[in-house]
1. Might you report the magnitude of the Cβ-based charge dipole of the chain about its Cα centre, with Lys and Arg at +1 and Asp and Glu at -1, to the nearest 20 debye?
2. What percent do you get for the relative contact order of region 1-95 when only Cα pairs under 8 Å and 6+ apart count?
3. Let me spell out the model: positive unit charges on the Cβ of Lys and Arg, negative unit charges on the Cβ of Asp and Glu, origin at the Cα centre of region 54-145. What dipole size does that give, in debye rounded to 20?
4. Counting other C-beta atoms within 10 Å, and keeping those with at most 15, which DSSP coil chymotrypsin sites (Phe, Trp or Tyr not before Pro) do you find in region 196-289?
5. May I ask you to list the trypsin sites (Lys or Arg not before Pro) in region 216-271 that are in a DSSP loop and have at most 10 other Cβ atoms within 10 Å of their Cβ?
6. As a test question: what accessible area, to the nearest 10 Å², does THR322 have when a 1.4 Å probe is rolled over all protein chains in place?
7. I'd like the FRET efficiency for GLU317 and VAL222, computed as 1/(1 + (r/R0)^6) with the beta carbon distance as r and R0 of 56 Å, rounded to 0.05.
8. Go from 0 up to the bin containing the longest alpha carbon distance in the chain, width 10 Å each, and give me the % of pairs per bin.
Amino acid sequence: MGKAVAFTDILAAANRLAPHIRRTPVETSLALTERVGHPVHLKLEHHQITGSFKLRGATNAVLGLPEKERKRGVSAASTGNHGRAVSHAAKATGTRAIICMSSLVPANKVEAIAALGAEARIVGKSQDDAQVEVDRLVAEEGFNNIPPFDHPDVIAGQGTIGLEFMAALPDLDAILVPLSGGGLISGIALAVKTMSPKTRVVGVSMERGAAMVACLAAGHPVDVEEVATLADSLGGGIGLDNRLTFNMVRDLVDETILVSESEIAEAVRFAYEFEREVLEGGAAVGIAALMSGKFEPRGPTGLVLTGRNIDTRVHREIICGTHPAFEEA
Ligand SMILES: *Cc1c(COP(=O)(O)O)cnc(C)c1O
């Protein structure tokens, strides 16, 4: 068992993170409010530095390392939002970072990591090969792996979103949170349930490869096949050796909802058309749950919009309605 996360850890994270992160705005969506008949409030966390909330957890984890450890450097195997976050967090704290990735990763992603100040190390031909190099850096060179979700400081960092949402809107009936490995919703649920036990915390994943939902159904962590989805940031498993997020999601989250590819595409288009917000698929699943009627609001509802790092070509196809996802059931 890993060290449990406490509400006080989230309060401490808020203090530690204050100089490093943007306190993102909360705005009311008139279009969604009108559509569902209850007030809908959006936490614009896709406006966070690096374009996603992952900066909070990564920065809190880097700052949480003892000085001696931090001096040796940090490493991660993600080229997505977590890799960007670790790169930026390391640079901001004067820490060396090596982000490991396979030779199949597109050049623009490699450049984005390098532009954030980290060393992009190309190893092997798969994500697994990249992880082997991270493990080697940890074992042989004293680097610290910063994991994307299953770590107490990462969870506490993401939980600061819950503090900010509750401070802005103490009377939310429900909060809808995109769900993958569960670091985000574990932290938010701990904050929200402590401050407002009656507020429902709802996880939303894509139908195609929803790992945590499969694990909840099985009653323990299981392997789930990864398939292509518009919500690519929500792909991947929770780890068979999951220490924290499986238990926290099982104990704190009230409900989970799955949305289809066409529902995600509609939500990304809606966000652009009515809110002028650019969202990646994984960030739009809460809007999809509302628009599809799969989530039925009973009062003021909060949505966490988590990221905006979508491929511009994919985004254009969605806005124009030509993306193949619109054809899927
Ligand atoms: C990582 C991520 C999520 C899911 O966070 P977890 O802690 O893995 O559940 C949601 N949205 C975006 C944009 C992400 O990058």
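1. Rounded to the nearest 20 debye, it is 1100 debye.
2. Values: 93 pairs, mean separation 22.5, N = 95.
That works out to 24 percent.
3. On the way: 13 positive and 10 negative charges, 74 e Å.
For region 54-145, the charge dipole is close to 360 debye.
4. Working: sites: PHE246, PHE270, TYR272, PHE274; in loops: none.
Nothing satisfies the criteria.
5. Values: sites: ARG243, ARG250, ARG269; in loops: ARG243.
Of the trypsin sites (Lys or Arg not before Pro), not one in the loops of region 216-271 has a Cβ with at most 10 other Cβ atoms within 10 Å.
6. Estimated to the nearest 10 Å², THR322 gives 100 Å².
7. Taking R0 as 56 Å, the efficiency between GLU317 and VAL222 is 0.95.
8. Per 10 Å bin, starting at zero, the Cα-Cα P(r) for the chain comes out as 6, 28, 37, 23, 6, 0 percent.
The values are calculated or read from the model by the stated rules, or taken from the named source; none is laboratory data. This one's a predicted model, so the numbers in the text were calculated from it and none came from an experiment. Please note: Cβ atoms are built from the backbone with ideal geometry, for glycine as well, and neighbour counts cover all protein chains shown. Remember, those area values only see protein heavy atoms, side chains included, never the ligands or the DNA or RNA. Shrake-Rupley method; radii C 1.70, N 1.55, O 1.52, S 1.80 Å.
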